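Take a look at the structure set out below.
The values are calculated or read from the model by the stated rules, or taken from the named source; none is laboratory data. What you see is a predicted model; the values in this text were computed from it and never measured. Don't worry about glycine lacking a Cβ; one is built from the backbone with ideal geometry, like all the others, and counts go over all protein chains shown.
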Amino acid sequence: MFIKKCVLFLGLTLAMAGLALGEGIAMRLFTVGNRTIGWFANGTGQAVTGLQIGFDRPVALVGKLEIGGGFQNVTGTDTAAEFLFQGSLAKMGFVELSWEPVEAKPILVMWLVGERPVGRPYFGTVPVLVKLLSSGLAQMRDANPEAFTTLLATFFTVNPTLADSLARLGLTPQALTGMLMVAPAEGIENLLLTLVSSFGLTTLEDFMGALDWSLIFEALGL
């Protein structure tokens with residue numbers, strides 16, 4: 001078993017050599033028979049205590065291996081569309097997961113320290129990204145409303161075209177801020193998804209290129 005793990009670790013190191021590991025998630029997927037094997041390396045630059053992963057459909061986990069630590073599946077089931085693993089994983093450690101059906105793909109992969117995301121997560125779809133942003137914004141607002149309003153004001157400043165885009169929908173920055181100040185996380189999610197659809201941002205590339213999101217990502221630890 002020790003030799004097997006060493007060989008696997010060397011294989012992962014070589015496979016990951018061409019990927020940027022300094023931002024958060026380095027991911028490789030392989031098809032082996034009727035299952036997919038995913039390698040997820042911790043490139044956050046620090047030890048982590050959790051891994052959250054979601055798929056585009058329900059999957060059955062059929063294998064798990066860690067190098068540099070150990071994680072326990074605390075979701076309570078091996079068949080689901082989303083899983084949470086908790087434990088510890090060293091900087092540059094990795095997790096190998098195997099799942100069925102082979103067609104299933106990850107749409108969210110995120111390292112955690114406690115309950116807080118660390119590093120840059122992997123997002124597979126716009127709705128997944130919007131859901132994560134909405135949850136983070138609601139938590140930030142409830143913890144520090146003043147910092148939240150300051151963040152929104154600065155966000156509009158660094159994205160001067162946003163006000164004109166909202167005006168075409170009959171909204172103002174002040175009206176949108178007021179909605180975000182009172183809506184629950186689900187309400188923020190629905191509001192942002194409506195705006196995303198109205199602006200025609202159907203892909204992650206469109207979404208990320210439409211505005212400067214760096215302030216939001218930094219404030220939410222993403």
**Asked** Does Val102 qualify as being assigned by TED's automatic domain parsing to the domain that holds Thr44, in contact with an Asp or Glu (Cβ under 7 Å, 6 or more places away or on another chain), more than 25 Å from Asp206 (Cβ to Cβ) and at pLDDT 90 or above?
**Response** no
Condition set of a type in the set (Lys, Arg) and touching a residue at least 60 places away in the same chain (Cβ under 8 Å), scope the range 111-157, selection farthest from Val48 (Cα to Cα): answer is Arg120
Going through (1) part of a helix (DSSP H, G or I); (2) under 30 Å from Val113 (Cα atoms) one by one, Gly221 fails only at (1)
Has the range 69-87 got any residue that is closer than 22 Å to Ala210 by Cβ and in contact with a Ser or Thr (Cβ under 7 Å, 6 or more places away or on another chain)?
no
For this session: With the condition kept exactly as written, say whether any residue in the range 194-203 is in a loop (DSSP other than H, G, I, E, B) and buried (at least 18 other Cβ atoms within 10 Å of the Cβ).
Result: yes
Taking the range 32-62 and keeping only residues that are part of a strand (DSSP E or B) and of a type in the set (Ser, Thr, Tyr), one is left with Thr36, Thr49
Checking Leu162, Leu204, Leu169 in turn, the sole residue that is touching a strand residue (DSSP E or B) at 6+ places or on another chain (Cβ under 8 Å) and either more than 30 Å from Ser88 (Cβ to Cβ) or at pLDDT below 90 (or both) turns out to be Leu204
Residue pairs within 9 Å by beta carbon, gap of at least six or interchain, first lying in the range 195-219 and touching a residue at least 40 places away in the same chain (Cβ under 8 Å), second of a type in the set (Lys, Arg) and in a helix (DSSP H, G or I), listed first then second, are none
Please verify whether Thr44 is touching an Asp or Glu at 6+ places or on another chain (Cβ under 9 Å), crowded, with 16+ Cβ neighbours inside 10 Å and farther than 22 Å from Leu220 by Cβ, treating the condition exactly as stated. no
